[in-house]
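The block underneath contains the structure these notes are about, expressed in structure tokens.
Computed from the coordinates by the stated procedures, all read-outs in this text should not be read as laboratory data. All values derive from a computational prediction rather than experimental measurement. Neighbour counts are summed over all protein chains in view; Cβ atoms, including those assigned to glycine, are modelled from backbone coordinates with ideal geometry.
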Amino acid sequence: MAIVKTINNPKLTIKAPQIKACLLAKYRFTKQALCATEVMTTHKGGIADFLALIKNKRQCEIHEVEIKVSIADLKADIKKPKWKVTPGRRIPHYFYFAVPAAIANEAKAYISTAHPLAGLIVCEATRHGMCPEDMLLTVKRPTRLHNAKHKRTFTKMANRISKRAMSELATKYRKAYLEK
């Protein structure tokens, strides 16, 4: 398990890459999901900051997370049509916003009124110690957006996530071992 060395630093500012790392750890290792960041989705050419496919009982669910690190960023981006969370939209089954703990209260109030169907995940630098997956706390559960069992869409999304995850891995290895 990865260890965040700066966890007790009071000056630590949570940024999008740290939130993505925590989401990857939580969904991959606790929920056994297939997941990746910056995945092209099928709705209006949008790119999901984080997308996970989770097998639950007899069907698979798609979870999408949009990461915001400031209230200004949240308010500016939330108005875009690609973030409209409405029942009947085929992708995803659940939609969340993820924010750092410093803006959690204001983000929860804003999301509850602007997009009541979306969930909210908060990333706390000091939550439960060292494991990245423990730094996340779901403070607002999302409403399930639909019950469709879209097998074709799942296959397409699994393909996109797999390709994106392999691209991320290849880039990390290239930077670590070839670009010194």
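Counting only residues that are surrounded by fewer than 21 Cβ atoms within 10 Å (Cβ to Cβ) and in contact (Cβ under 8 Å) with a residue 24 or more places away in the chain, which one in segment 54-65 is farthest from Asn159 (Cα to Cα)?
At the first step, the residues of segment 54-65 found to be surrounded by fewer than 21 Cβ atoms within 10 Å (Cβ to Cβ) are 54-61.
Filter once more, keeping what is in contact (Cβ under 8 Å) with a residue 24 or more places away in the chain: 54, 59-61.
Values: Ile54: 14, Gln59: 17, Cys60: 14, Glu61: 15 Å.
Checked segment 54-65; the qualifying residue farthest from Asn159 (Cα to Cα) is Gln59.
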> Which residue pairs have Cβ atoms closer than 7 Å, lie 6 or more positions apart in sequence or on different chains, and pair a first residue in segment 22-34 that is small (Gly, Ala, Ser) with a second residue that is in a helix (DSSP H, G or I)?
Replying inline: Ala25/Pro132; Ala25/Glu133; Ala33/Tyr27
